Amino acid sequence: MDTLIIQLTNQKAYKLLKQLEDLHLIRVLKKNIQSTQKLSEKYAGKLPADVADQLQQYVAQSREEWNNNSI
């Protein structure tokens with residue numbers, strides 16, 4: 001048997017895996033339900049303002065590049 005590590009980002013995907021487990025087709029070894037708290041809320045005030053501004057600028061630029069390349 002192979003062991004796979006999968007990160008689920010959708011509740012429907014989790015439900016599907018649970019159904020597969022109920023059918024004895026897979027076995028979920030670890031259930032780590034994370035909160036739906038936004039990263040911006042989780043790390044608010046943890047970065048210096050200048051670093052946070054640089055990160056925000058980088059993220060905005062990356063999103064813009066992604067949107068331009070997906071056309």
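Read the figures in this text as sums done on the coordinates, not as results from a lab. These numbers come from a predicted model, not from an experiment. Backbone-built Cβ (ideal geometry, glycine too); neighbour counts: all protein chains shown.
Assorted remarks:
- Scanning the stretch 45-67 turns up no residue that is among the aromatic types (Phe, Trp, Tyr) and in a loop (DSSP other than H, G, I, E, B).
- Check on GLU64, touching a Lys or Arg at 6+ places or on another chain (Cβ under 7 Å), surrounded by 10 or more Cβ atoms within 10 Å (Cβ to Cβ), among the acidic types (Asp, Glu) and without any contact (Cβ under 8 Å) to a residue 12 or more places away in the chain: no
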